[in-house]
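Engineer: Following this message is one structure expressed as structure tokens.
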Amino acid sequence: MRRNVSALARKEFDLVIVGGGIFGICAAWDATQRGLSVALVDRNDFAHATSANCFKIVHGGIRYLQHADVVRIRESSEERNAFLRIAPHLVRPLPIVIPTYGHGVKGKELLGLGLALYDLITWDRNRGILDSERQIPCGHFISRQETIDLFPGLGRDGLTGAAIIYDGQMYNPARLALSFLRSAVEDGAEAANYIEATGFLRSGTRVTGIQARDSLTGEQFHIRGRVVLNAAGPWAERLLGLHLGIGLAPKGTYSRDAFFVVRRALRETHALAINAKTMDPDAILSRQTRHLFLVPWRGYTLVGVWHMVHHSSPDDFTVTDDDLQKFIDEVNEAYPAFGLTLDDVSMWHAGLVLFGENKAGAVHLSYGKRSRIVDHQKEHAIEGLVTLIGVRYTTARREAARVIDLVSQKLGKPLRKCVTDVTPVYGGRIECFDEFLRRAVEQCPSTVRSEVVRSLVHNYGSEYRYVLKYIDGNPMCAETLGRTDVMKAEVLHAIREEMAQTLGDVVFRRTNLGIGAYPGDVALQACADLMATELGWDQSRVYRELATVKSTFPSTVSATRDKVTMAVVR
């Protein structure tokens, strides 16, 4: 997967996609599967914003029971099923414990009815999943003592036990997006990061492509396409307004969805749902307040999610220390035994998500429910242009399929069936993941630690051996960076085969270096030095790259820590 900018200007494509988040990437893969020629560009790195900074949950739709929204339940369950089948190395089931109290709305009776209804509605949730470790079990209850054994710090007054439900969890959202992207490129798509759409090409009332600028070189050129898909997420409306003078009606509302990472695991296997302070105003039947989640993830605990309506520029938002302290206070009030402090926070993540309509100053917020697909021929009499603004990572593949149906219609192409729900992504051709992982560890070279191999198999799946091949040419590539489990070979692979252009691309989206906490000066310096040699950086460029990455981690900055713990735009 090489960055070939000249190929973008060489021909007219059936489809030009602006925006390399998970929705644009899934659209590119679907389109190439159906025989369309595709160009995909992003003004930053692929999956750099909301996609990489999501809560890492593949939702099965149980939350939509309280809205009586059977359609969304079915769609979410089917998409979770698809992720578990086509990307078994990057998605696995996650058990979530929901404590029950008394016999009212927080008791087992009401929740038990919900579990039964959900299991009935999603009766086929494991269809086609042959790997038993990737199947989603039925929800069930555990006793009061079993609940206390799992989470001793729970309040015990009225505690009757807990329900255990299951969702999916991503090993690494950015790597999952890259797997979709690699699949699209191998099927013929042309893709390039750090290419900004600076305008639209037009012929009368028809959009015929985009004006583009290479952010790395300053080169300007045109990318021609019979149809353009605007999949720029929270930037999509600004793109339409600045370059076409049109807006969406109604104008989109976005939420800053935020969570933070804690250096220690509350529990290795089970997530815990705790009571938040807000309620769902759209719920027909509710267990009172919404839930926050304490989620185990690779030795850390993910804590969230908090939502705040964001009205200003999509480039202008942050999570301050005051915000984090309020989040921590809310968690400590609901689960005091965790005893969180600001010093426990190793990173925070946030992204902008399409939201519901809320009155100014509302505390109990209505969340976004469905993605937005706009046919600008119908809405604005502009031909050859479609906008997709997605609402959930989980449904990106499905929404992309809907968009490509529309694009095919506009192109006058026969409507071919979408097959991305049954086609493994790059690295996903694994029948039984645990067995595959066990064999990989057994067969690994003696120079590579088992922990490193496990990481490789999760990130690269069935294609992990391509990274190990670097060791054949240079045994030094087996060395790891600092005290991490990231090999030098992974850095080289990220540059040569995955379009990594900056240190942040490697640290946050190609490898495990920056997954949850600061990896250490030695590891970052070694990574930067490798990239400098490979890409021809001078020392001043190395300093800039290191400074940008270090500013993300709260442990590397001054005591004030204000406005520097940002993990969303790198």
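The values are calculated or read from the model by the stated rules, or taken from the named source; none is laboratory data. None of the values given here were measured: they were computed from a predicted structure. Glycine gets a Cβ as well: all are built from the backbone with ideal geometry, and neighbour counts include every protein chain shown.
Engineer: Among the residues of the stretch 493-504, is there at least one that is surrounded by 20 or more Cβ atoms within 10 Å (Cβ to Cβ), in the same structural domain as SER450 (by TED's automatic domain parsing) and in contact with a Gly (Cβ under 9 Å, 6 or more places away or on another chain)?
Structural biologist: yes
Engineer: Here is a follow-up. Hey, does the stretch 3-16 have a residue that's acidic (Asp, Glu) and buried (at least 21 other Cβ atoms within 10 Å of the Cβ)?
Structural biologist: Within the stretch 3-16 (the criterion being acidic (Asp, Glu) and buried (at least 21 other Cβ atoms within 10 Å of the Cβ)), the answer is no, since none of the residues qualifies.
Engineer: Among the residues of the stretch 473-495, what is the count of those that are out of contact with any Phe, Trp or Tyr (no Cβ under 9 Å at 6 or more places or on another chain) and part of a helix (DSSP H, G or I)?
Structural biologist: The qualifying residues number 6.
Engineer: Restricting attention to the stretch 379-413, which residues are of a type in the set (A, V, I, L, M) and at pLDDT below 95?
Structural biologist: VAL391
Engineer: Kindly list the number of the only condition in (1) in contact with a helix residue (DSSP H, G or I) (Cβ under 6 Å, 6 or more places away or on another chain); (2) closer than 22 Å to THR160 by Cα; (3) surrounded by fewer than 19 Cβ atoms within 10 Å (Cβ to Cβ); (4) not small (Gly, Ala, Ser) that fails for ILE121.
Structural biologist: Just one mismatch for ILE121, condition (2).
Engineer: Same structure again: Select from the stretch 189-239 the residues that are at positive phi and crowded, with 20+ Cβ neighbours inside 10 Å and list them in ascending order.
Structural biologist: TYR194, GLY209, GLY233
Engineer: Of the numbered conditions (1) more than 24 Å from SER540 (Cβ to Cβ); (2) out of contact with any Leu (no Cβ under 9 Å at 6 or more places or on another chain); (3) not aromatic (Phe, Trp, Tyr), ASP505 fails exactly one; give the number of that condition.
Structural biologist: ASP505 satisfies all of (1) more than 24 Å from SER540 (Cβ to Cβ); (2) out of contact with any Leu (no Cβ under 9 Å at 6 or more places or on another chain); (3) not aromatic (Phe, Trp, Tyr) except (1).
Engineer: With the stretch 125-244 as the region, which strands (runs of 3 or more DSSP E) entirely inside it contain at least 3 residues that are under 30 Å from LEU94 (Cβ atoms) and in contact (Cβ under 8 Å) with a residue 12 or more places away in the chain?
Structural biologist: In the stretch 125-244, the matching strands (runs of 3 or more DSSP E) lie at 140-142, 159-170.
Engineer: A further question follows. Just the residues that are among the acidic types (Asp, Glu), without any contact (Cβ under 8 Å) to a residue 60 or more places away in the chain and either closer than 22 Å to PRO519 by Cβ or touching a helix residue (DSSP H, G or I) at 6+ places or on another chain (Cβ under 6 Å) (or both), please, taken from the stretch 427-482.
Structural biologist: GLU451, GLU479
Engineer: Conditions first: (1) modelled with pLDDT of 95 or more; (2) loosely packed, with under 13 Cβ neighbours inside 10 Å; (3) under 22 Å from ARG238 (Cβ atoms). GLU357 passes all but one, so which condition is the exception?
Structural biologist: (1)
Engineer: Any chance you could count how many residues in the stretch 215-232 are under 21 Å from ALA49 (Cα atoms) and in contact with a Phe, Trp or Tyr (Cβ under 7 Å, 6 or more places away or on another chain)?
Structural biologist: The qualifying residues number 3.
Engineer: Pairs please, first residue from the stretch 77-103 and touching a residue at least 24 places away in the same chain (Cβ under 8 Å), second anywhere and part of a loop (DSSP other than H, G, I, E, B) and among the hydroxyl-bearing types (Ser, Thr, Tyr), Cβ atoms under 6 Å, 6+ apart in sequence or on different chains.
Structural biologist: Short answer, once both residue conditions are applied: SER77/THR122; LEU90/TYR171.
Engineer: Scan TYR466, TYR470 and give me the residue that is within 26 Å of GLU190 (Cα to Cα), in contact with an Asp or Glu (Cβ under 9 Å, 6 or more places away or on another chain) and surrounded by fewer than 19 Cβ atoms within 10 Å (Cβ to Cβ).
Structural biologist: TYR466
Engineer: Continuing with this model, one more query. Every residue in the stretch 5-44 that is part of a strand (DSSP E or B) and more than 20 Å from ASP421 (Cα to Cα), please.
Structural biologist: If the condition is that a residue be part of a strand (DSSP E or B) and more than 20 Å from ASP421 (Cα to Cα), then GLU12, PHE13, ASP14, LEU15, VAL16, ILE17, VAL18, ALA39, LEU40, VAL41 are the ones that fit.
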